[in-house]
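J.: Encoded as structure tokens, here's the structure I'll be asking about.
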Amino acid sequence: MPRISPAMIRKVASYDPLLGLLLPVCRTAEAARQELHWIRNEGASVQRACALRARSVPLQYVLGSQPFGELEILCKRNVLIPRWETEEWASELAARWQTSRVTAPTVVDLCTGTGCVALLLKRALPRAQVTAIDCSPFAIALVTKNLHHNDIRDVTVLQRDILRDDRPAIAADLVVCNPPYIPRDAFVRDVTTSVKMYEPRLALVADKEFYTNLCDVWLRHTRSFVYEIGDISQAHFVADRISATTWSVGIRRDSNGKPRVVYGFKTDDVQLNKLYDGFGYLVR
Amino acid sequence: MNFTKTLRLMRNTTLLRQPSFVARRWSTTTSPTIDDVEELHPSLISRIKQYVEQLHGLEQMLAAGGSFNAASQILYAKASSIKDIYERYQDQLEGLKALREMMDDDPSLKEDAEAEYAKLVPQLAKTSSELLRKLIPPHEFADKPCILELRPGVGGIEAMIFAQDLLNMYAGYAQSKRWKYHLTSKTENQSGSGIVDAILSIDEPGSYDVLKHEAGVHRVQRIPATETKGRTHTSTAAVVVLPQMGNESEKAADAYERSFKPDEIRIDVMRASGKGGQHVNTTDSAVRLTHFPSGIVVSMQDERSQHKNKAKAFAILRARLAERERLEREEKERSARKDQVTTTDRSDKIRTYNFPQNRITDHRCGFSMHDIEGVMSGERLDDLINAMEAYDSDLKARKILQEV
């Protein structure tokens, strides 16, 4: 990443001192200007917001929300901020289930965080039975707030540590999950400063625990699954552990070309074959 | 009545209608003489009579206890105003005939009658041109709300500042009319003075019809704030007026998106290097639409929500496609008729704002006024718009006369 010279900061700050605060974190003058425009639009204390941004506090924590599809998701410290990659696959998934014949599926959203994926699916499929699960009390409190904020009802919210809890899993048509997927050794190297400093490590750092948990526990209780991934090796890990005779497994890339999702469905299910046709490319 | 006489009547009517270039061209020829008074063409009269009959039918339906729907309400309003003007036209025509008889029969009254006659002729001409204008078919987007796109032309930062001034002018105009409007997108210049582009949506139905003649290149002549030696600069800004074909809601955009074939349209979002996902937290929400059959590209980055940016971009694309189709259709019709009549739709450099002289001139209709401040605040923009509208309907009325 190119260094931003003090001269550049001085130049931008001469137009507006607040832009000088935003430039180091936004990297380009154009992005800084756009962000200042958003901050002004939200009507928050502009000075305070820019000062926080200068210390790399994520914009979503400063302004308190992040758009997600047609929803506005509230964001607070200790809970992961929804990413556009997640928004992309979740919107596509919701549209696919909307046009399918299964109008009232049972959906389980693991590691729900803000509840963004669960809420988006519930909004798209009003008759679906959606359960959102997270182990963090902060997340659980925020999901409840978000339900209220977006005027969505009838989503079951459970606080449960799915890796350690041995209560029986819930039978579902679809299990979705955006688990922590950054390996411990890659955390310092690959993660940007703002994320490292302000977003919860609990929601970021894990190796393959959740993919193991998927194969060992949730596969027996569901007809299909969609898990976000950070690296293609995680998709291959899932594909290798799954019985090739009963499951079809695929990988979906995001519009940045990165492998972003591993998904699977029962091979003998005609409806699901049609539903996931073209969602990604099958590897098994 | 023959064709040349009809034309002569029209020349006369436009003579009295300030402002118009026809008026300037003909004002040195003659004052109206007795021979110039002619009645409207019978086919026009029969068209007017159709309206009167329709009005009659509507009134009967209302008397019988029926009620109006939106369409018949519009028809009623139009027909009754046509009927009013037509009645005035008939009265004035009868008056003229009576006066002429008087002049021929009674030499003692001739002088008075002639004076009266000379007074009535321009009134009749005015009435008949009013009537003609009512018969012009409405613009196909006449009832639509509109979108204004503004972009600086030549002149660097001064042009950007002028584009900003125009944006303020149209916002002020909408405000003075109490129309709802919102800024769909705006990109400011680096230094914060002036704009690189802006899109202003005016949500009032029918605003397209009012503002359609604003499209074109606007020229400004003034001493810029950035000028140190006191020289006058000439800069330009371009205005595009589009019809709003749907709203900017996400639902409307989704439905519209599905009306395209997958290979017709490409949606690009900001791509970043690096691992993405949980590793970074970006706020990029810019969306770029490319419509391959027409080559139209729309970029939108105003909102934090990518979803909303996409909806806005689709609304703009839809408006641009509709306007483009209309222009193509008009072009086709024109070449089919081998029409030689000049049109005002695509003329360049439509207007000059001269600050040192406090003057604004519309080059299409030759209308000038002296109140820069009033126009730039939007409050007196109506004067220019009305002048252009009068000029345009004169042209269209001439076309109607040629076609009958």
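Rule-based calculations on the coordinates, nothing more; no lab input. On a predicted model such as this, the values are computed, not experimentally measured, just so you know. Counting neighbours? That spans all protein chains shown, and the Cβs are built from the backbone with ideal geometry, glycine included.
J.: For chain A, what is the largest minus smallest coordinate of the Cα atoms on each principal axis, given in angstrom and ordered from greatest to least?
T.: 65, 38, 35
J.: Strictly over 20 Å apart at the Cα level, which of B:K144/B:K177; A:K145/A:K196; B:K332/B:K396 would you flag in this model?
T.: Listed pairs above 20 Å: A:K145/A:K196.
J.: Further, regarding this structure: If contacts are Cα pairs under 8 angstrom and at least 6 residues apart, what is the relative contact order of chain B in percent?
T.: It comes to 17 percent, rounded to a whole number.
J.: Next question, about the same structure. Calculate, for A:R164 and A:S45, the FRET efficiency according to 1/(1 + (r/R0)^6) with r their C-beta to C-beta distance and R0 30 Å; round to the nearest 0.05.
T.: Efficiency at R0 = 30 Å is approximately 0.10.
J.: Run the quick spin-label model on B:N247 and A:D151: label points 7 Å from Cα toward the beta carbon, then report their separation in nm to one decimal.
T.: Each label point is offset 7 Å from its Cα along the Cβ direction, giving 1.3 nm.
J.: Please work out the Cα center distance from region B:52-72 to region A:1-64, rounded to the nearest Å.
T.: Going from one Cα centre to the other spans 63 Å.
J.: Relative to a virtual label point 7 Å from the Cα of B:V154 in the Cα→beta-carbon direction, which members of region B:346-390 show backbone nitrogen distances below 13 Å?
T.: Answer for this model: B:349.
J.: Counting other C-beta atoms within 10 Å, which of A:W97, A:W89 has the fewest, and how do the rest follow?
T.: A:W97, A:W89
J.: Moving on. Under a straight-distance cross-link criterion of Cα-Cα below 23 Å, which lysines are reachable from B:K110, leaving out those fewer than 8 residues away in the same chain?
T.: B:K97, B:K119
J.: Below 8 Å, C-alpha to C-alpha, sequence gap of six or more: please give me the relative contact order for region A:6-55 in percent.
T.: So the answer I get is 33 percent.
J.: Same structure, new question: Assign unit charges at the C-beta atoms only (+1 for Lys and Arg, -1 for Asp and Glu), then state the dipole size of region B:99-175 relative to its Cα centre in Debye, rounded to the nearest 20.
T.: The dipole of region B:99-175 has a size of about 560 debye.
J.: What are the ³J(HN,Hα) couplings of region B:152-167, residue after residue, when phi is run through the Karplus curve with 6.51, -1.76, 1.60 and θ = phi - 60°? Round to Hz, x for glycine and proline.
T.: The phi angles translate into x, x, 6, x, x, 5, 4, 5, 5, 5, 5, 4, 4, 4, 5, 4 Hz.
J.: Using each residue's phi in region B:249-255, evaluate 6.51 cos²θ - 1.76 cosθ + 1.60 at θ = phi - 60° and report the 3J(HN,Hα) Karplus result to the nearest Hz, with x for Gly and Pro.
T.: Per-residue couplings from phi come out as 5, 5, 5, 4, 5, 4, 5 Hz.
J.: Classify chain B as rounded, prolate or oblate, taking a ≥ b ≥ c as the square roots of the eigenvalues of its Cα gyration tensor: rounded when a/c is under 1.5, otherwise prolate if a/b is larger than b/c and oblate if not.
T.: Since a/c reaches 1.5 and a/b is larger than b/c, the shape of chain B is classed as prolate.
J.: Let me ask something additional. Work out the length of the dipole vector of the protein assembly as shown about its Cα centre, built from +1 on the beta-carbon of each Lys and Arg and -1 on the beta-carbon of each Asp and Glu, and round it to the nearest 20 debye.
T.: So the dipole magnitude of the protein assembly as shown works out to roughly 2380 debye.
J.: Between A:R241 and A:E72, what length in nm is gained on full extension when 0.36 nm per residue of separation is reduced by their alpha carbon distance?
T.: 57.1 nm
J.: Tell me what chain B gives for mean residue ellipticity at 222 nm when only DSSP H runs of n ≥ 4 count, each as -39,500 (n - 2.57), the sum divided by the residue total, rounded to 500 deg cm²/dmol.
T.: Calculated from helices alone, the mean residue ellipticity at 222 nm is -16500 deg cm²/dmol.
J.: Can you give the alpha-carbon Rg of region A:3-155 over 2.2 N^0.38 Å, where N counts its residues?
T.: Scaled against compact globular proteins, the figure is 1.25.
J.: Report the extension gain between B:S335 and B:K399 in nm, rounded to one decimal, defined as 0.36 nm multiplied by the number of residues separating them, less their alpha carbon distance.
T.: Here the answer is 21.5 nm.
J.: So what is the 222 nm mean residue ellipticity for chain A from helices alone, if each DSSP H run of at least 4 adds -39500 (n - 2.57) and you divide by all residues, rounding to the nearest 500 deg cm²/dmol?
T.: Calculated from helices alone, the mean residue ellipticity at 222 nm is -12500 deg cm²/dmol.
J.: Okay, moving on. List, in order, the whole-Hz ³J(HN,Hα) value for each residue of region A:272-284 obtained from phi through the Karplus relation with A = 6.51, B = -1.76, C = 1.60 and θ = phi - 60°; use x for Gly and Pro.
T.: 5, 4, 6, 4, 8, 5, x, 5, x, 10, 6, 10, 8
J.: Here is a follow-up. Given the convex hull of the Cα atoms of the protein assembly as shown, what is a quarter of its surface area in nm²?
T.: 41.2
J.: Shielding of B:279-291 by partners, i.e. mean partner chain Cβ atoms within 10 Å per residue?
T.: The per-residue average across the peptide is 5.
J.: Give me B:K49, B:K229, A:K145, A:K122 ranked fewest to most by other Cβ atoms within 10 Å of their Cβ, as a rough exposure proxy.
T.: Sorted ascending by nearby Cβ count, the order is B:K229, B:K49, A:K145, A:K122.
J.: Moving on to the next point. Modelled label-to-label distance, A:Y281 and B:D284, 7 Å Cα→beta-carbon offset: nm?
T.: 2.3
J.: How do B:D394, B:D382, A:D240 rank when sorted from fewest to most other Cβ atoms within 10 Å of their own Cβ?
T.: Going from sparsest to densest Cβ surroundings: A:D240, B:D382, B:D394.
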